[in-house]
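Notes for the one structure printed next.
The values are calculated or read from the model by the stated rules, or taken from the named source; none is laboratory data. Note that the coordinates shown come from a computational prediction; the quantities given were computed from them, not determined experimentally. Counting neighbours? That spans all protein chains shown, and the Cβs are built from the backbone with ideal geometry, glycine included.
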Amino acid sequence: MEKTLHSRLAEYLLSQNPNPTEAELERTRNAKMDCNYQRHYCTILEFSAAVRILSSPSLSPNDIRRGCATLSQACQSWACMGCHLTPYFHLINHLEHQLYCFGPCYATWAFPYE
């Protein structure tokens, strides 16, 4: 997984700066994943709380804001820990607009983008 982390960081660095310095390249090669169980556990609890809020049969706009903010924070925490996240974690950040437009996803949770 660290090999994937290094390649993704290098890709991002090159997309932002076509001529990176050797120090910047070295930083991407030396990046380590955070394996602290307590931080991962706290992030999983945060993620679970967000899913619990958003999977409710009825949602208020405040519930949607709170649930999506918590979900986004959990994903940001995993990204800061150096975890490899799939594109679905990016799509989570667009869930709030869909919930406002189409209502609770209680019945369609498995198919939110269809």
Filtering region 22-36 down to residues that are farther than 15 Å from E11 by Cα and of a type outside the set (D, E, K, R) yields A23, M33, C35, N36
Enumeration of residues in region 39-88 that are at pLDDT 90 or above, farther than 21 Å from Y106 by Cβ and small (G, A, S):
S77
From A69, A74, residue being surrounded by 10 or more Cβ atoms within 10 Å (Cβ to Cβ), hydrophobic (A, V, I, L, M, F, W, C) and in contact with a Ser or Thr (Cβ under 7 Å, 6 or more places away or on another chain)
A74
Residue satisfying condition, being farther than 15 Å from M81 by Cα and of a type in the set (S, T, Y), within set T21, T28, T43
T21
Working only within region 39-61, note down all residues that are within 18 Å of the chain's Cα centre (by Cα) and loosely packed, with under 13 Cβ neighbours inside 10 Å.
Y41, L45, S48, R52
Go over the candidates A74, A10, A23, A49 one by one and state the one that is free of Cβ contacts under 8 Å to residues at least 24 places away in the same chain and in the same structural domain as Y100 (by TED's automatic domain parsing).
A49
